[in-house]
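Chemist: One structure, pasted below without further comment.
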Amino acid sequence: MSRERTEHDYVVVGAGSSGSVLVRRLLDAGHSVHLIEAGPADEEPNIHSPQGWPMMLAGPLDWSVMTAPQQHARDRRLFWPRGRVLGGSSSLNGMIYIRGHRSDYDSWAYHGCPGWDWDSVLPLFKRSEDHADGASEWHGAGGPLPVSRIAEPHPTAAAFVEGAIGLGHEHIDDFNGERMEGVGFNHATIRGGRRMSAWQSFAAPVLGNARLTVTTEALVHRVVTEGERAVGVEYEHGGELHTARAGAEVVLSAGVLGSAHLLLLSGIGPAEHLDQVGISVHTDLPGVGENLHDHLLVSNIYESTGPLPQGKANLLESQLFAKSDPRMPVPDLQPLFLHLVYPAEGYPQPEHGYTIAPGLVRPLSRGTIRLASPDPATPAVADPNVLAERQDLEALVDAVEMCREIGASAAFDEWRKAEVAPGPQARTRDDLRDYVRRAVGTYHHQVGTCRMGSDSEAVVDPSLRVRGVSGLRVADASIMPSVPSGNTNAPSIMVGEKAADLLLRTS
Ligand SMILES: Cc1cc2nc3c(=O)[nH]c(=O)nc-3n(C[C@H](O)[C@H](O)[C@H](O)COP(=O)(O)OP(=O)(O)OC[C@H]3O[C@@H](n4cnc5c(N)ncnc54)[C@H](O)[C@@H]3O)c2cc1C
């Protein structure tokens, strides 16, 4: 039985990239908000150092999700880190600030999401931003989210840019500018040598606001409904169940896994699946938990000639956007450079080295999230079904070849001792297919499980309202119909901005 009942205008579940933004905007508009987050306060020092993120993976602030065995990737379970702390995944991510290609958002709009086209969302990206370069056609200044250039790139990150340029890739000064295809240095959510998470940027500055209640270390169990209307959520805190009531609306910002999980636990999802698990059906919504997809990444690992110099930024300083087929209108590959050894399962990890990581950003494979149990504390089963579509495998092999060429270029001569993954024994395209299946992992950009749209399978409408349930919206990466072509933190922050406008009815 629930112990305590509180009421605010809005209850927001999840203090991640989208939730932090939404809370700030609702408070600024004069509303009261109860924010409920499963993780603790962001006191861990590694959060705030731009180089601390690898140390947090699989630690206490990470949900440390393991996927279902992946039948097209040698039945391996993939490790998916997700933030469980104020700031959510923005507190342990790599801090790269990229919005994606304009066609990503135009395609959302064409597929039943009017109001989400590029021209409509660009002002929202800019509104969030405080770019160190100042305001311009492409950037905002004076917003809550600091963004800056990598001031002193690591020499190996610079070798990556030089090597790619030598192979004919265009130099790009700003991936968020006019043109994205090519190679260059990232811009990052860092200021004064500190990570600027969504929490630190948007919510922490207004923590003293009397209209805000933040409950941490509280696992939300389900949405509470009265008839067709959502009126609050039930959550566990300190070993007891509580109810938080919303006078206006409930918003799930629990992330790509958390929001779909909560809808299913609340009886909102595919009726057949809910029946199987023993959850009574509130609303038969077949799309909940469908459409799970992710950017895929492999680690081409190099042993270096010796220890690398210490870097000064986020360890992820340069990237390349490229096409697996020149006839494509936009890039589908995003190889990433890391001046550390980013492990590839089953391959050696040299003591000193660097990684050129082939990445696929327009995957065709789709998977699901399903309940393993009606117990809210039991993780849902994430099955992204990676490489189910042959085209994804072939595009990743193209990316591996592209990265090998860069890795073998003269720009790396002073750093390269040996390629250890895929390694010299991998010669043919078939060898590389095998390598991809053995080593494929994630770029950490899962989306899509509460897909927005206007069709009968969509989970939320273009105003982010859950279909068939009033007073309930979803606002996070789960609503994205398809993953943008770049890293997903800035797009998730944009979703928070858009959700605020929709709730406050300004767009
Ligand atoms: C290791 C890593 C590196 C990444 N690197 C980059 C990068 O460099 N650049 C980039 O753009 N993107 C990066 N990303 C991706 C990006 O950070 C995410 O796409 C984005 O943060 C997702 O935002 P969100 O609001 O959807 O979810 P999250 O930020 O994950 O927030 C969800 C929140 O909900 C909480 N929650 C979930 N379930 C419950 C529940 N039942 N009760 C209460 N609270 C709950 C979670 O604890 C979490 O705080 C990275 C991600 C990871 C994991």
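Chemist: How do the pairs read when you match residues in the range 4-20 that are closer than 11 Å to residue 87 by Cβ and assigned to a loop (DSSP other than H, G, I, E, B) with residues anywhere that are of a type in the set (A, V, I, L, M) and more than 10 Å from the ligand (Cβ to nearest atom), using Cβ under 9 Å and keeping only pairs 6 or more apart or on different chains?
Modeler: So the pair list comes out as 14/251; 15/23; 15/203; 15/214.
Chemist: I would also like to ask the following. Return the residues of the range 469-490 that are more than 8 Å from the ligand (Cβ to nearest atom), in a loop (DSSP other than H, G, I, E, B) and either of a type in the set (Ser, Thr, Tyr) or farther than 18 Å from residue 291 by Cβ (or both); say none if nothing qualifies.
Modeler: 469, 471, 482, 485, listed by residue number.
Chemist: Now a separate question. Being touching a residue at least 40 places away in the same chain (Cβ under 8 Å) and in a loop (DSSP other than H, G, I, E, B) is the filter; apply it to the range 396-444 and report the residue that is nearest to residue 166 (Cα to Cα).
Modeler: Residue satisfying both the conditions and the ranking: 409.
Chemist: Need the failing condition index for residue 137 against (1) loosely packed, with under 14 Cβ neighbours inside 10 Å; (2) over 30 Å from residue 25 (Cβ atoms), just the number.
Modeler: Failed condition: (2).
For (1) among the charged types (D, E, K, R); (2) surrounded by 23 or more Cβ atoms within 10 Å (Cβ to Cβ); (3) in a loop (DSSP other than H, G, I, E, B), each residue gets a yes or a no:
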site	(1), (2), (3)
329	no, no, yes
337	no, yes, no
340	no, no, yes
345	yes, no, yes
348	no, no, yes
351	yes, no, yes
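Chemist: State which residue pairs qualify: first residue within 16 Å of the ligand (Cβ to nearest atom) and in a loop (DSSP other than H, G, I, E, B) and inside the range 92-112, second residue modelled with pLDDT of 95 or more and of a type in the set (Ser, Thr, Tyr) in any location, beta carbons under 8 Å apart, and separation of 6 or more residues or different chains.
Modeler: Note: pairs meeting the criteria are 95/189; 97/189; 100/485; 101/485.
Chemist: Just a yes or no: is a residue in the range 32-43 within 14 Å of the ligand (Cβ to nearest atom), in contact with a Gly (Cβ under 6 Å, 6 or more places away or on another chain) and aliphatic (A, V, I, L, M)? I'd like the intermediate steps shown before the answer.
Modeler: Step one: list which residues in the range 32-43 are within 14 Å of the ligand (Cβ to nearest atom), which gives 34-42.
Pick out the ones that are also in contact with a Gly (Cβ under 6 Å, 6 or more places away or on another chain) and you get 42.
Remaining after also requiring aliphatic (A, V, I, L, M): none.
No, the conditions are met nowhere in the range 32-43.
Chemist: Given the structure, is residue 448 under 18 Å from residue 109 (Cα atoms) and either hydroxyl-bearing (Ser, Thr, Tyr) or modelled with pLDDT of 95 or more (or both)?
Modeler: Criteria met by residue 448.
Chemist: Take the residues in the range 44-58 that are assigned to a loop (DSSP other than H, G, I, E, B) and more than 11 Å from the ligand (Cβ to nearest atom), then tell me which one is surrounded by the most Cβ atoms within 10 Å (Cβ to Cβ).
Modeler: In this case the residue turns out to be 44.
The values are calculated or read from the model by the stated rules, or taken from the named source; none is laboratory data. Given the structure is predicted, the values throughout are model-derived calculations rather than measurements. Note that each Cβ is placed from the backbone with ideal geometry, even for glycine, and that neighbours are counted across all protein chains shown.
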